[in-house]
Amino acid sequence: MNTPTPEEARAALRDVDRRRTQTAAAAGRSRWGWIVAGVLIAAYGVLADREPQFVRTWGIAIVLLLLGVSLVGNTRLGGSLLRRPVRPRITPDPASLLWILLALAVLIGGTTIATAMEVPHVALWSGLAGGVLVAAAGPWWQRRILTRGTAR
């Protein structure tokens, strides 16, 4: 058996790290997808503030439609229809789930408290905050989860 030289070992480790990064990049959604999702969330918040009657009548249907598109995109059939490569399901570690729950609790709790205090334009500000959070932090979060998943 041949023992690799230190240079060969370093080159092999760099190659493994490069391939791990490529795998994570190929498995994830594009940055534009995250930006579009953030814009849709922000637009929904603006629409809820400006046209509350429209949101009361069509709001649930819009949310369910977008949720359905998101869920279908993670299936084998939906991924092929959307021309996305199918990726393995990576379960996030408990710390990641805790951070997600904390961010959701802060956003929902802040919105609930502001609504109870009758702060004007709560839907607008919570929609903008959620949209910016998804658009800005979504790609980073996805890259972090996928890179940690491929490292295991």
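The values are calculated or read from the model by the stated rules, or taken from the named source; none is laboratory data. The structure presented is a predicted model; accordingly, all values stated were derived computationally and were not measured. Don't worry about glycine lacking a Cβ; one is built from the backbone with ideal geometry, like all the others, and counts go over all protein chains shown. Areas reflect the complete protein model, heavy atoms only, side chains present, ligands, DNA and RNA absent. Shrake-Rupley method; radii C 1.70, N 1.55, O 1.52, S 1.80 Å.
Numbers below:
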quantity: Candidate set from segment 45-81 (those that are farther than 21 Å from VAL132 by Cβ, small (Gly, Ala, Ser) and part of a helix (DSSP H, G or I)); member that is most open to solvent (accessible area, probe 1.4 Å); calculated: SER80
quantity: Long-range neighbours under 8 Å by Cβ, at least six apart or interchain, first residue assigned to a helix (DSSP H, G or I) and open to solvent by less than 90 Å² (accessible area, probe 1.4 Å) within segment 87-109, second hydrophobic (A, V, I, L, M, F, W, C) and at pLDDT 80 or above; calculated: ALA103/LEU133; LEU107/ALA129; LEU107/LEU133
quantity: When residues of segment 1-22 are limited to those that are more than 26 Å from the chain's Cα centre (by Cα) and of a type in the set (S, T, N, Q), the one farthest from ILE145 (Cα to Cα); calculated: ASN2
quantity: Segment 66-95: number of residues that are modelled with pLDDT of 75 or more and under 18 Å from the mean Cα position of the chain (by Cα); calculated: 11
quantity: Any chance THR23 is modelled with pLDDT under 75 and among the polar types (S, T, N, Q); calculated: yes
